1. Would you list, by chain and number, the lysines whose Cα falls below 20 Å from the Cα of residue 22, excluding same-chain residues fewer than 8 positions away?
2. With everything on Cα atoms, drop me the angle between helix 202-226 and the longest principal axis of the chain, reported from 0 to 90° to the nearest 10.
3. For a footprinting-style exposure proxy, rank 212, 21, 146 by other Cβ within 10 Å, fewest first.
4. How long is region 16-81 along each principal axis, judged by its Cα atoms, biggest number first, in Å?
5. Loop sites only, by DSSP: take the trypsin sites (Lys or Arg not before Pro) in the chain that have at most 14 other C-beta atoms within 10 Å and name the longest stretch containing none of them.
6. Give, in nm to one decimal, the length gained when the segment between residue 188 and residue 215 is fully stretched (0.36 nm per residue of separation minus the Cα-Cα distance).
7. Return an integer: the convex hull volume of the alpha-carbon atoms of region 87-182, in Å³ per residue.
8. Check the straight Cα-Cα distances from residue 106 and name the lysines below 23 Å, setting aside those fewer than 8 residues away within the same chain.
Amino acid sequence: MIDHTKPNLNFDKIEPASLRHKAYITLQKAIIELDFKPGELLKKSELCKSLGISRTPLSEAIALLVQDGLVEVVPQAGTYVARFSIDELKEGAFIREALEVAAIKKLASSITDQNLIELRRNLRLQRAYIDDKDIQGFYGLDSKFHSIILNATGFRKLSRLADTAWMNVNRVRRLLLPVPGRIEATYVEHKEIFSALEQRDTIQSEKVLKEHLRKLMTFVAPLEKNHPEYFLMS
């Protein structure tokens with residue numbers, strides 16, 4: 001059973017033109033981090049009060065979240081956090097793999113010492129967070145590890161594209177991190193990716209990255225069985 005405390009959504013007074021964006025970013029983060037669970041009803045009156053905004057910017061923010069696939073509006077029923085779709089998770093994982101494999105193939109032969117320093121530092125922090133049993137902290141470093149690889153290509157839009165494709169996958173990953181042994185295994189896989197990059201071995205870098213990314217979907221089937229309420233019916 002996952003027990004998340006509802007987030008404090010209050011933010012300081014800002015210009016009206018920014019209210020929609022601020023609400024969108026705040027709610028997007030809360031949904032991805034499972035502060036609002038899949039299938040949960042979003043009560044607009046409570047959200048308006050928590051965010052300190054009127055219904056218009058909130059409705060505009062929700063429209064953007066619908067485009068992200070994070071929220072579903074059911075006429076005459078309400079606004080709900082979207083449940084997971086196996087097909088959409090597979091598609092997101094496919095797109096992310098295509099982007100990240102292309103990135104690592106480009107990077108492996110040209111990675112700089114500074115890139116390696118950033119990755120090595122990230123791995124040291126990962127180890128510390130694992131030892132401290134800080135799951136959420138490790139999750140952030142996991143995402144950062146992959147962002148370093150994507151950003152090191154020099155393509156500024158790549159990381160954003162990958163994050164967009166990965167948005168719902170990021171949500172389901174939050175359920176996987178408490179799986180016994182998964183965090184430690186993820187850390188080992190990251191070390192293997194780093195080692196291949198350090199050796200500037202393009203073939204091995206691509207191989208271990210693919211193996212790492214494909215592990216995710218092997219955990220989704222039992223997750224769907226254990227938490228059917230979070231998934232759309234097949």
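1. 6, 13, 43, 44, 49
2. Approximately 40 degrees, to the nearest 10.
3. On the way: 212 19, 21 14, 146 23.
By the 10 Å Cβ count, ascending, the order reads 21, 212, 146.
4. Extents along the principal axes, in whole Å: 30, 27, 21.
5. Details: sites that count: 13, 43, 133, 156, 157, 200.
Counting at most 14 other Cβ atoms within 10 Å as exposed, the longest clean stretch of the chain is 44-132.
6. Numbers: separation 27, 0.36 × 27 = 9.72 nm, distance 1.27 nm.
Length gained, residue 188 through residue 215: 8.4 nm.
7. Details: hull volume 9.4 nm³, N = 96.
Hull volume over Cα atoms, normalised by residue count, gives 98 Å³.
8. Straight-distance partners of residue 106: 144, 157, 191, 207, 210, 215.
No lab work stands behind these numbers, since they all come straight from the coordinates. Everything numeric in this text was worked out from a predicted model, so none of it was measured. In this analysis, Cβ positions are derived from the backbone assuming ideal geometry, glycine residues included, and neighbour counts consider all displayed protein chains.
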